[in-house]
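Below you'll find the structure, written out as structure tokens, and then a few comments.
A short reminder: the numbers here are calculations on the coordinates, not readings from a lab. Quantities reported herein were computed from a predicted structural model and do not represent experimental measurements. A quick note on method: Cβ atoms are made from the backbone with ideal geometry, for glycine too, and the neighbour counts reach across all protein chains shown.
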Amino acid sequence: MAPSFDDGNSLFDFVVRDGNGVKGLVDSGISKVPDQYIQPQQERIDNQNGISHKLPPIDLSKLDGPNHDQVVEEIASAAEKLGFFQVVNHGVPVELLESLKDVAHKFFAQPPEKKAVYCQGVSPSPYVKYGTSFVPEKERALEWKDYINMVYTNDADALNHWPNECKEVALEFLNTSIKMVRKLVEILIGKLEVTVEDSRIDALTGLKMVNMNFYPACPNPDLTVGVGRHSDMGTLTVLLQDGIGGLYVKVEEDIDAGKKGDWIEIPPIPGALVINVGDTLQVVSNGRYKSAEHRVRTTSTQSRVSIPIFTTPKPTEKIGPLPQVVETDGVARYREFAFQEYMNNFFGNAHDGKKSLDFAKLDSA
Ligand SMILES: O=C(O)CCC(=O)C(=O)O
């Protein structure tokens, strides 16, 4: 029988505390989104005027050929201007990408009690968390998304702790992607014309996690968001999206694909992975690389999945603009901070665009 949500608390308990998620809400037979999901007008995503980011994906296999320098240029330019680009021939097998989408659907199709065992506070593992929305306790309107977060420490821990339904495929995704991430970080740091020890580059991606996001088909996509405006916290994010679309990025400076302030869609490209710059890389590069604000629209026809890998420093790591870049720029745009401080700030607030970096900005930013 469909549960009756006679007040906000019972809906919150059903969706968040009892771990039914948005999926459980949809399965209960609702025909319109409950008030708790209705976004204020300014946060809603109108896809009528949606502009698609038409730039071709960057072919990473060309890094090993005569066009190496041109590809390096393309990567650095995309990271400087939009903060988002897509890559093909990235070293992650295309069949694996298909399996990832399948296992994500399988995981979320399970009965709620199978997923709720991983809810915060009851999860048997410190490395696995299942949840819904971003920080539901702090949000004016909830996000139309369920997710599972899997933190990587080593292969053995991943295979012991991550959910059986997805652990092998998720681990292979992480292990095959991480080589590409390392190469991209080296390229981007190299383009800053600084010398950085290998250990410092490793430290920028010292913590790795795989998420699987599930956006159930939504009766009112015009009123909701799948994920609200935010930038990512780490160094680089690798994102696999399925063919449904709905990922929008805010243009920070005029480019061919759009004008400053426009929201443009990053269209699904079969076999491609989306790469985006996170706040850490923006800080380290003293603002040279852009950690772009992005958000996700829901759809009424099909449930969407996306699978990001987040690479971040460890909480104890000190983050600040690289001294040689500050010297060249003549000004430091961010102060130094321990990454834990950033995380407290990030997870202590609802998504609110680029506000996640305000605490570290210096007047010169
Ligand atoms: O689903 C997507 O396309 C993006 C997801 C995202 O922005 C996130 O998980 O932080």
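Give me the percent of Cα-Cα pairs in segment 55-179 that sit more than 17 Å apart, rounded to a whole number. Of the Cα pairs, 68 percent sit more than 17 Å apart. Helical content alone sets the calculated 222 nm signal of the chain at -8500 deg cm²/dmol, taking -39,500 (n - 2.57) per DSSP H segment of four or more residues and averaging over every residue.
Residue by residue, segment 340-351 carries 3J(HN,Hα) couplings of 4, 4, 4, 4, 4, 5, 5, 7, x, 9, 5, 4 Hz when phi is fed to the Karplus relation 6.51 cos²θ - 1.76 cosθ + 1.60 (θ = phi - 60°); x denotes Gly or Pro. In a reduced charge model with +1 at each Lys and Arg Cβ and -1 at each Asp and Glu Cβ, the chain shows a dipole moment near 300 debye about its Cα centre. Sorted largest first, the spans of the alpha carbon positions of the chain along the three principal axes are 64, 45, 37 Å.
Taken along the Cα-to-beta-carbon direction at a fixed 7 Å, the label points for Asn175 and Val88 span 2.8 nm. Secondary structure note: in the chain, about 90% of the DSSP beta bridges are antiparallel.
Between Glu186 and Asn220, the simple label model (points 7 Å from Cα in the Cβ direction) yields a spacing of 5.2 nm.
Length gained on full extension, Ser300 to Ser199, computed as 0.36 nm times the residue gap minus the Cα-Cα distance: 31.7 nm. The value given for segment 255-303 is a Kirkwood hydrodynamic radius of 13.4 Å, derived from the mean inverse Cα-Cα separation. If you take the Cα centroid of segment 208-247 and the Cα centroid of segment 69-126, the two points sit 10 Å apart. Using the structure shown, select from Lys167/Lys290; Lys138/Lys183; Lys106/Lys259; Lys129/Lys259; Lys101/Lys179 the pairs with a Cα to Cα distance greater than 30 angstrom. Beyond 30 Å: Lys167/Lys290; Lys138/Lys183; Lys106/Lys259; Lys129/Lys259. When a/c reaches 1.5 or more, the comparison of a/b and b/c decides; with that in mind, is segment 1-128 rounded, prolate or oblate per its Cα gyration tensor? The shape class here is prolate.
In plain terms, the bigger the Kirkwood radius, the slower the diffusion; for segment 236-365, with that radius from Cα pairs, at 4 °C and 1.567 mPa s, Stokes-Einstein puts D at 80 µm²/s. If the chain linking Lys314 and Phe359 were pulled fully straight, counting 0.36 nm for each residue of separation and taking away their Cα-Cα distance, it would gain 14.3 nm.
Say R0 is 41 Å: what FRET efficiency, to the nearest 0.05, do Phe337 and Ser31 get from their beta-carbon distance? Taking R0 as 41 Å, the efficiency between Phe337 and Ser31 is 0.30. Given R₀ = 22 Å, FRET efficiency for Thr328-Asp69 by Cβ-Cβ distance, to 0.05? Once the sixth-power term is evaluated, E becomes 0.55.
Couplings 3J(HN,Hα) of segment 165-175, computed from phi: 5, 9, 4, 5, 5, 5, 5, 5, 4, 5, 5 Hz, in residue order, whole Hz [Karplus 6.51 cos²θ - 1.76 cosθ + 1.60, θ = phi - 60°; x for Gly and Pro].
Just checking the listed ones, Gly24, Gly348, Gly83: in the Gaussian network model of the chain with Cα springs under 10 Å, the one fluctuating most is Gly348. What the phi angles of segment 200-205 give under the Karplus curve with 6.51, -1.76 and 1.60, with θ = phi - 60°, is a coupling list of 6, 5, 4, 5, 5, 10 Hz, glycine and proline written as x.
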